[in-house]
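The values are calculated or read from the model by the stated rules, or taken from the named source; none is laboratory data. Values in this document were obtained by computation on a predicted structure and should not be read as measured data. Here Cβ is always computed from backbone atoms with ideal geometry, including for glycine, and neighbour counts include all displayed protein chains.
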There are 2 protein chains.
Amino acid sequence: MSVVSMQRTIFDDSEYERRLERTKERLREAELDALVVADPANMNYLTGYDGWSFYVHQAVVVSLERDELVWVGRGMDANGARATTWLDEESIRAYDDDYVHSPYDRHPMDYLSAVLEDLDVDDGDIGLEMDAYYFTAKSYTRLQKNLPEADFEDATLLVNWLRIKKSEQELDYMREAARISEEAMLAGLDAIEEGVPEYEAAAAIYDGLIRGTDDFGGDYPSIVPLMPSGDHTGTPHLTWTDREFEDGDPVIIELSGCRHRYHSPLARTTFVGDPPDEIQRTADVVVEGLEAALDAVEPGVTCESVEKVWRDTIAQYDLEKEDRIAYAMGLGYPPDWGEHTASMRPGDKTVLEKDMTFHMIPGLWFDDFGVELSETFRVTSNGAEVLADFPRRLFTS
Amino acid sequence: MSVVSMQRTIFDDSEYERRLERTKERLREAELDALVVADPANMNYLTGYDGWSFYVHQAVVVSLERDELVWVGRGMDANGARATTWLDEESIRAYDDDYVHSPYDRHPMDYLSAVLEDLDVDDGDIGLEMDAYYFTAKSYTRLQKNLPEADFEDATLLVNWLRIKKSEQELDYMREAARISEEAMLAGLDAIEEGVPEYEAAAAIYDGLIRGTDDFGGDYPSIVPLMPSGDHTGTPHLTWTDREFEDGDPVIIELSGCRHRYHSPLARTTFVGDPPDEIQRTADVVVEGLEAALDAVEPGVTCESVEKVWRDTIAQYDLEKEDRIAYAMGLGYPPDWGEHTASMRPGDKTVLEKDMTFHMIPGLWFDDFGVELSETFRVTSNGAEVLADFPRRLFTS
């Protein structure tokens, strides 16, 4: 197979080199010799690797002593690594299918252990993403058993924290994702009406998400479109059913366009029929609070201080909300587009810097309905750039 | 909120009771007092819980001493548990948002530890799904630290092995999923032609998957539609791009309809333009091998013996394939619809029993193209019931 013709990394090599250099700086600060990266988003960030193969164990190894990273994965995915990463052939190491859901007491971490030995870091200080998706308890105990001389340290968010500030190219992909989010939101709002089953609205949203814009298509989002409706606006993570929308249903749509794995989530609320004053007033409060919080964004302020602006705004209406209102996000794979670093909530003293990106999604829930509106934004040199251009109001269907 | 009106379990309570009883039998055999179930598919199997909330830590606890299971999850998902499970209020335990991606050194497993103490199993033998998706290394080390008196055992596939044989109701959902797979495959084959971007074919497939049939809609599948094309048929897990299909491209479509989280995967290969004899001959061999292997299916034979029939069939053409050709599947959440138990490959001596279900996906890959055709089937009392009704041949686009 002609591997060169397949190559399709979406950033210049220099961007990957910068990411690797910054990762190595963090390793030196943490006094680590190597890092095993298992989070698919972090693997992509460092190498470009992009495939739906995270249902088997795989990882990227960063060694301070080596100029290139090493990709470790399943044999049938090695060509995918050749096609999507900036790595040379010797940096792509693949295990055979006997290791996959094996009846032979073989585990992919046995193969990874041998790679760590080959890289001569098996008696060193090795960082592990202990709480990353897909890095299982078994992965850890196998590494411990195989490499008794290694000293393992928890380095869960080491790479994630590097991701919080975006490059120009990353921001361009997020802006493209925002165009897709606008299309999908329009399609969803158009589709929802009395008597239409929820799955038809989901299909319309998917069409917008994947067909994208006239200029480019959409990637699969890390979270499926969520459309809690009626009583279910109080169950934010249930997915669509065969139920038909009914007159009197509030419906929250939360979705995200995706472009080269970069997201720009967007949420709006619509109402089937004539909205009662109570819901209209709630929507007005959410919009006021969201806009006040967005206005508070600028470099130098803390995450918790932005949340406080929201909290103070809704407190004027004797309302409060317990959950965080925003979180850092961008690049992602299922099950999440969040980066798991900064959140806007009491106690989070992360100081905002230019080019950090967040999804701000405040909402208010009551016994029988909820209202959410959200925006994805970038911190600019003196404020916030909201990525999507979509009216902020309660819609009606 | 009226929780009773929201309830929507998709099986009778008696089916959940049977599943729980069989799980308890296995616990007794394994001399365990309790089991912590973190795999979302196993959580659904035992309780009905169905939400896109597996991006935060959650679990179900089975205790031998207790009639009901306990669901443990995030506060904002407790209503989802009330709506989708057969559990009583006292069996739904939720942690607050301070535990989510917490800057306060709180971890959801701290809350789970307290639940295990409350259930009085914290000094007992506790099974953990050590290699399950979403049960991270950190989850394990936190439980170890919090519960020094507990004796933890690896019980990774304990529930998965119970899932391999399906009930009548489960089979009905899989048959409905097969109807959806047929619709989506037709839509994909229709959409692919020279000059069409890959994402448009993906959008057409999604429309089939979610819009479903005239009678019911589709759920989101656990794996996105895969469409490796051209050179990329050798990179089975790369997803669609903006590239346009070209004359001379082989395209493999692998997809699955999904109904109430039950799948029925289906793969076919098409060719853009006039297929060369070589590809046509390869497709004929794959069909012959697939059909020979399906004919070999019946209760009492082993998984490896079915694979051998495929292997012997293609060997007549001096061909061989290293990977497994089939795996047990059904209920699933991203990133996989496979059950991780039996596979049809050398060394797997699992004996087939009536109502086991598998996805058989043999394929042949060469330097510049690959061909795959697959079927999902149930083991009957004397053979195989293929769930989808779709022609087995090379298509042209």
Failed condition for B:Thr269, given (1) closer than 15 Å to B:Phe366 by Cα; (2) at pLDDT 95 or above; (3) within 14 Å of chain A (Cβ to nearest Cβ) = (3)
Residue among A:Asp367, A:Asp336, A:Asp323 that alone is surrounded by 15 or more Cβ atoms within 10 Å (Cβ to Cβ), at negative phi, at pLDDT below 95 and out of contact with any strand residue (DSSP E or B) (no Cβ under 6 Å at 6 or more places or on another chain) = A:Asp323
Would you mind stating whether A:Asp123 is over 21 Å from A:Asp39 (Cα atoms) and at pLDDT 95 or above?
-> yes
Every residue from the stretch B:16-54 that is within 13 Å of chain A (Cβ to nearest Cβ), without any contact (Cβ under 8 Å) to a residue 24 or more places away in the chain and part of a helix (DSSP H, G or I) = none
Farther than 25 Å from A:Tyr99 by Cα, touching a residue at least 60 places away in the same chain (Cβ under 8 Å) and buried (at least 23 other Cβ atoms within 10 Å of the Cβ): does that describe B:Ser139?
-> no
When you look at A:Val224, is it under 30 Å from A:Tyr199 (Cα atoms) and of a type in the set (A, V, I, L, M), yes or no?
-> yes
So is B:Val100 modelled with pLDDT of 95 or more and hydrophobic (A, V, I, L, M, F, W, C) or not?
-> no
Sole exception among (1) within 14 Å of another protein chain (Cβ to nearest Cβ); (2) under 23 Å from A:Gly332 (Cα atoms) for A:Val100, by number = (2)
Do we find a residue being out of contact with any strand residue (DSSP E or B) (no Cβ under 6 Å at 6 or more places or on another chain) and among the hydroxyl-bearing types (Ser, Thr, Tyr) anywhere in the stretch A:211-232?
-> yes
Within the stretch A:303-321, identify whether any single residue is among the small types (Gly, Ala, Ser), farther than 21 Å from A:Ala184 by Cα and part of a loop (DSSP other than H, G, I, E, B), and answer yes or no.
-> no
Boolean, A:Asp67 is under 29 Å from the mean Cα position of the chain (by Cα), assigned to a loop (DSSP other than H, G, I, E, B) and without any contact (Cβ under 8 Å) to a residue 12 or more places away in the chain = yes
Which listed residue is surrounded by 21 or more Cβ atoms within 10 Å (Cβ to Cβ) and in contact with a Gly (Cβ under 8 Å, 6 or more places away or on another chain), from B:Thr396, B:Thr357, B:Thr313, B:Thr376 | B:Thr357
Say whether the condition of being closer than 21 Å to A:Lys145 by Cβ, assigned by TED's automatic domain parsing to the domain that holds A:Arg142, touching a residue at least 40 places away in the same chain (Cβ under 8 Å) and not in a loop (DSSP other than H, G, I, E, B) is met by at least one residue in the stretch A:82-93.
-> no
Filtering the stretch B:231-248 down to residues that are over 23 Å from the mean Cα position of the chain (by Cα) and free of Cβ contacts under 8 Å to residues at least 24 places away in the same chain yields B:His232
Mind checking which residues of the stretch A:81-114 are surrounded by fewer than 18 Cβ atoms within 10 Å (Cβ to Cβ) and farther than 27 Å from B:His232 by Cα?
-> A:Pro103, A:Tyr104, A:Asp105, A:Arg106, A:Asp110, A:Ala114
All conditions in (1) closer than 20 Å to A:Thr136 by Cα; (2) part of a helix (DSSP H, G or I); (3) within 8 Å of another protein chain (Cβ to nearest Cβ) are true of A:Met109 except (3)
Working only within the stretch B:135-146, note down all residues that are within 14 Å of chain A (Cβ to nearest Cβ) and not small (Gly, Ala, Ser).
-> B:Phe135, B:Thr136, B:Lys138, B:Tyr140, B:Thr141, B:Arg142, B:Leu143, B:Gln144, B:Lys145
Search result, residues across the stretch B:55-80 that are at the interface with chain A (Cβ under 9 Å from one of its Cβ atoms), among the hydrophobic types (A, V, I, L, M, F, W, C) and crowded, with 24+ Cβ neighbours inside 10 Å = none
Confirm whether A:Asp118 is more than 10 Å from every other protein chain (Cβ to nearest Cβ), surrounded by fewer than 17 Cβ atoms within 10 Å (Cβ to Cβ), under 19 Å from A:Leu20 (Cα atoms) and free of Cβ contacts under 8 Å to residues at least 12 places away in the same chain.
-> no
Out of (1) within 11 Å of another protein chain (Cβ to nearest Cβ); (2) touching a helix residue (DSSP H, G or I) at 6+ places or on another chain (Cβ under 9 Å), the one B:Glu170 does not meet is (1)
Looking at the stretch A:172-195, is at least one residue of a type in the set (A, V, I, L, M, F, W, C), part of a loop (DSSP other than H, G, I, E, B), surrounded by 20 or more Cβ atoms within 10 Å (Cβ to Cβ) and in contact (Cβ under 8 Å) with a residue 60 or more places away in the chain?
-> yes
Say we look at the stretch A:196-232 and pick out the residues that are closer than 30 Å to A:Asp39 by Cβ, surrounded by fewer than 24 Cβ atoms within 10 Å (Cβ to Cβ) and among the small types (Gly, Ala, Ser); which of these is nearest to the other protein chains (Cβ to nearest Cβ)?
-> A:Gly217
Kindly indicate whether A:Glu17 is closer than 26 Å to A:Glu176 by Cα, surrounded by fewer than 21 Cβ atoms within 10 Å (Cβ to Cβ) and not aliphatic (A, V, I, L, M).
-> yes
